[in-house]
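The values are calculated or read from the model by the stated rules, or taken from the named source; none is laboratory data. These numbers were taken from a predicted model, which means no experiment stands behind them. All Cβ positions, even for glycine, are placed from backbone atoms using ideal geometry, and neighbour counts span all protein chains on display.
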Amino acid sequence: MGVENVTGKIALLRAHDRGSKFGPPSDQIDVEVVVQFVGRPNEAFGFQLRDDPQGPAREGMLGLLRDGFNHGWTVGVDYDRNTAAGRRNGIAFRVFLIRPAGQVGGGGLVVAPSAGGPAEPRARAPFAKRAKSAKSGAKSAPKAGRPAGKGRAPAAKPAAGPRSAAAGKKLAAKRG
């Protein structure tokens, strides 16, 4: 058996009853979840959903596959494939998502562990420090567009959002 990796968009996500198996008799995998990727119709990767110590990790893997399928994100699978002649199906032991950086919530790599425990993000965003209020000395959240902490230069103010034509005319009339 060799450990391999595949990434791409999901073309097929299938879940079926225990013992149903997937693939032709010469290349069957005994799994309950099957995934195929766009451009790779002759290869399938899957894993079992059983009530065993790996159950929680595999539930997490299925959740990541669902997210990738529903949002059109790039998905990666690490798998073992029996490299005997003609074998194209493999047993997945790790699943990860690569979400585009431009999407709401930022980008990043999320991995379902191969054994037990919840999925965790690989890289975490730093938490913003709270700035002290000048009036009360109490801490409050930093203002939008400004970094938190002492000794940092203020960031540029964010650009104003779009205005309607009527709002623009009213503003122009006020300014005179």
Next item on the list: Taking only the stretch 32-64 into account, find how many residues are over 19 Å from Arg88 (Cβ atoms) and aliphatic (A, V, I, L, M).
Entry: 5
Next item on the list: Kindly provide the set of residues from the stretch 82-95 that are over 20 Å from Ile10 (Cα atoms) and free of Cβ contacts under 8 Å to residues at least 60 places away in the same chain, ordered by number.
Entry: Ala84, Ala85
Check: Scanning for something among the hydrophobic types (A, V, I, L, M, F, W, C), in a loop (DSSP other than H, G, I, E, B), at pLDDT 90 or above and surrounded by fewer than 19 Cβ atoms within 10 Å (Cβ to Cβ), does the stretch 24-39 turn up at least one residue?
Finding: yes
Item checked: Scope the stretch 23-49; condition touching an Asp or Glu at 6+ places or on another chain (Cβ under 8 Å), touching a residue at least 24 places away in the same chain (Cβ under 8 Å) and either over 14 Å from Asp80 (Cα atoms) or among the aliphatic types (A, V, I, L, M) (or both); matching residues -> Gln36, Phe37, Leu49
Check: Restricting attention to the stretch 55-81, which residues are touching a residue at least 60 places away in the same chain (Cβ under 8 Å) and either at positive phi or not aromatic (Phe, Trp, Tyr) (or both)?
Finding: Pro56, Ala57, Gly72, Thr74, Val75, Gly76, Val77, Asp78, Asp80, Arg81
Next item on the list: Assess whether Val3 counts as being exposed (fewer than 14 other Cβ atoms within 10 Å of the Cβ) and more than 15 Å from Asn82 (Cβ to Cβ).
Entry: no
Item checked: Pick from the stretch 53-83, criterion under 22 Å from Ser20 (Cα atoms) and touching a helix residue (DSSP H, G or I) at 6+ places or on another chain (Cβ under 9 Å), ranking: modelled with the highest pLDDT -> Val77
Check: Which ones in the stretch 46-81 are in a loop (DSSP other than H, G, I, E, B) and loosely packed, with under 14 Cβ neighbours inside 10 Å?
Finding: Arg50, Asp51, Asp52, Pro53, Gly72
